[in-house]
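Here the structure comes first, spelled out in structure tokens, and everything after it is commentary.
Derivation of every value follows stated rules applied to the coordinates shown; laboratory data play no part. Predicted model only: the values in this text are computed from it and were never measured. With ideal geometry, Cβ positions are generated from the backbone for all residues, glycine too; neighbour counts draw on all protein chains shown.
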Amino acid sequence: MTRPLAYCAIAALSISLAVPNAVHAQATYDDEARKRVAAWNDRCGTLWAELQPWGTARLHSPDEEIARGFVAVLAGRGGPVRMAEEYLDTCVPVIDQVFRSEVGGQCRQWMRELARGPGGGHNALLSEPEQALAGLASNDDLQQAAEQYLGTCVPQYAAAIDSVPSYSE
């Protein structure tokens, strides 16, 4: 009778030693995907910041003619056409694909929650996940949002990035 209990105890100990803590497991589930998403996020964030004074909202128009027309307007004004084309071709399709997915609304919500909290929002989470998660340790809701973003949204972004043929880091 004690033998089965001993086996259970050994099995439980083996499992507990083999599985890292939940935060670490989610933060490192696929570090390569996270790094690709972080690089894409940095590039698209930089493009967005550079284009914002020119009126970037039109680049996110559901009507591609309006978005392409905006690029033509930029050309006429001597604006950053190449940046706008890169953003339109490599950033918008990924954003649209993620936000139209089953988890898109939830990803937006987690991004908003993380932006209101300390530590740099989802950008910091993508760049330095362990440090960002450690900084959120005192806030269970933000910690959970961060873990969910890493575990749910990062794979969605990685798949969307992989599906955009014109994307290159």
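Numbers for the structure displayed
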{"quantity": "Residue under evaluation residue 146, criteria (1) at positive phi; (2) in contact (Cβ under 8 Å) with a residue 24 or more places away in the chain, criterion not met", "calculated": "(1)"}
{"quantity": "Filter result (without any contact (Cβ under 8 Å) to a residue 12 or more places away in the chain and among the small types (Gly, Ala, Ser)) within the range 45-103", "calculated": "49, 57, 61, 69, 72, 75, 76, 78"}
{"quantity": "Selection within the range 118-169 - assigned to a helix (DSSP H, G or I), β-branched (Val, Ile, Thr) and surrounded by fewer than 18 Cβ atoms within 10 Å (Cβ to Cβ)", "calculated": "152"}
{"quantity": "All positions within the range 56-66 that are touching a helix residue (DSSP H, G or I) at 6+ places or on another chain (Cβ under 7 Å) and either surrounded by fewer than 18 Cβ atoms within 10 Å (Cβ to Cβ) or closer than 17 Å to residue 45 by Cβ (or both)", "calculated": "56, 59, 60, 61, 66"}
{"quantity": "Qualifying positions in the range 96-106 - of a type in the set (Asp, Glu) and in a helix (DSSP H, G or I)", "calculated": "96"}
{"quantity": "Of all residues making up the range 123-161, the number that are of a type in the set (Asp, Glu) and closer than 16 Å to residue 31 by Cβ", "calculated": "3"}
{"quantity": "The range 107-117, subset in a helix (DSSP H, G or I) and of a type outside the set (D, E, K, R), residue surrounded by the fewest Cβ atoms within 10 Å (Cβ to Cβ)", "calculated": "115"}
